[in-house]
Amino acid sequence: MAVSDHVDLETFMAGVTKRNPGQTEFIQAVHEVAQDIFEFMQDKVHYHEAQILRRMAEPDRVISFRVCWEDDNHNIRVQRGWRVQNNNAIGPYKGGIRFHPSVTESVLKFLAFEQTFKNSLTGLPMGGGKGGANFNPRGKSDAEVMRFCQSFMSELYRHIGPNTDVPAGDIGVGGREIGYMFGQYKRLTNRWEGVLTGKGQEYGGSQMRPEATGYGAVYFLRNMLRHRGMDVEGHTAVISGSGNVATHAAEKITQLGGKVLTMSDSGGFIHDPDGIDQEKIDWIKHLKTVKRGRISEYSDHFTNASFHEGKRPWDVPCDLALPCATQNELNEDEARELVANGVKGVSEGANMPTTLQGVKIFHDAKIMYGPGKAANAGGVAVSGLEMSQNSERISWNSERLGEMLTDLMEGIHGKCTEYGEQEGGYVDYVKGANIAGFKKVADAMLAFGVV
Ligand code: NDP
Ligand code: 2IT
């Protein structure tokens, strides 16, 4: 069959849209990838014939289940849980679990799809998956969170395993939740095995895993800057979010001599013109993980800072921007504002935080823009190393893991430049990440025939 007989991008996307009605986030994520892959596949008839992209955009399976739990007032509560197993061509399904009221099947399908490319980019043998529930941990007691996690795992445990599917944390799922879920898995199966990553250090967790996503996003940013003869030192950074990724990104920016100006949560952002140094970052970590408070409390404590209720931080002038909260948190107008204020580099700690139109603004302005699937891959990469350590029944030290993380991020940057470097030296990191991530999975799928 001639290449010209195959569907074009528009027809392909019309099919995706028709088959996934109302799933806007999933359609957005597929669209972003398909734009680059259709260009890449133009002269590669075997990918078209094998319908590779169509198969990647159809999850291997979507498991949906009821999660019942009892709150502290003895009310029976019902949530919906999911695990989306997108693709296991190159390794067991791997990807986080998100507990947030905004979780839908569309959100988890987009995340599992993105994860497939991200995990491929790491070079480690991991397929793509994602899970979660529309459960809001905010304001819940530890006992309520424990009961929810146990109930969630009472169904999930049938679908996962160290060689099948290895979940980890994401929004609303940190060390506490992983502990409760691992405990329940172990109780149900009577097996101690590396079925989750992001575990505590006492029970098989890896050094550097808590830091890996945020640190990795800054290493990726540093790689982009160095590629253009610049560095992090002396630059100001605007960061959104105040969770695991945001606080560790802030920590690494500070360690490398940059100055962090903002952090946020869903209530608004704080702006500290003096810079958010290590002591203040430690204060935020305590606020968020121990007190489980709100970022607005920062400006009550550090009185030089201001709190901007209901706002996002993108109009604060900066050299570097790191969206580290959630999807579609940086739109076209905000991208334009960042460019107008002279932003040099954008590195996405979050998954798909910039809208498609926002990405276009960055590209048109030739801003260094590292998409989440490349920039935040350090987290899942160290998860992959946690799996290796669990299999070997050994623990590596943080120095070794820190070096491996910097090497992994450099490797991902190299793959992006290999496929994304344009005439004149500008690197289209989206294209580079999409093509490099696609190629490995696609070639594995070709090897398997029609399955
Ligand atoms: P956390 O739960 O630790 O923190 C999430 C942060 O984002 C909180 O400050 C939260 O504020 C904020 N946030 C969440 N949802 C929204 C929203 N709808 N609007 C505004 N703010 C919001 O999660 P992580 O730090 O782990 O995850 C942050 C991002 O990084 C996500 O996109 C995740 O997918 C991505 N990521 C995480 C990895 C990891 O290893 N943890 C790996 C790779 C990517 P609030 O408390 O008000 O909800
Ligand atoms: O989006 C992500 O890469 C994560 N939430 C981490 C996944 C993992 O398996 O560590």
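Points worth noting:
- Restricting the stretch 86-122 to residues that are within 10 Å of ligand 1 (Cβ to nearest atom) and charged (D, E, K, R) leaves a set whose member that is surrounded by the fewest Cβ atoms within 10 Å (Cβ to Cβ) is R98.
- Criterion applied to V33, V7, V16 was being surrounded by 14 or more Cβ atoms within 10 Å (Cβ to Cβ), of a type in the set (A, V, I, L, M) and not in a helix (DSSP H, G or I), and the one residue passing it is V7.
- Among residues of the stretch 185-211, those that are among the aliphatic types (A, V, I, L, M) and either without any contact (Cβ under 8 Å) to a residue 12 or more places away in the chain or within 16 Å of ligand 1 (Cβ to nearest atom) (or both), counted: 2
- Any hit, the stretch 155-167, residues being within 15 Å of ligand 2 (Cβ to nearest atom), aliphatic (A, V, I, L, M) and either farther than 22 Å from R66 by Cα or free of Cβ contacts under 8 Å to residues at least 24 places away in the same chain (or both): no
- Failed item, numbered, when I394 is tested on (1) closer than 30 Å to G204 by Cβ; (2) part of a helix (DSSP H, G or I): (2)
- Subset tally (residues that are under 24 Å from V382 (Cα atoms) and not in a helix (DSSP H, G or I)) for the stretch 179-195: 5
Each row is one residue, and each column tells you yes or no for (1) within 20 Å of F448 (Cβ to Cβ); (2) within 16 Å of ligand 2 (Cβ to nearest atom).
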| position | (1), (2) |
| --- | --- |
| E58 | yes, no |
| R66 | no, no |
| N73 | no, no |
| Q79 | no, no |
| Q85 | yes, yes |
| N88 | yes, yes |
| L124 | yes, yes |
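- All told, N134 falls short of being within 14 Å of ligand 1 (Cβ to nearest atom) and either in contact with a Gly (Cβ under 6 Å, 6 or more places away or on another chain) or among the aromatic types (F, W, Y) (or both).
- Among the residues of the stretch 398-427, those that are in contact (Cβ under 8 Å) with a residue 40 or more places away in the chain and not in a helix (DSSP H, G or I) comprise Y426, V427.
Since every read-out is calculated from the coordinates, none of them should be taken as a lab result. Worth saying up front: this structure is predicted, and the values here are computed from it rather than measured. All Cβ positions, glycine included, derive from the backbone under ideal geometry; neighbour counts span all protein chains shown.
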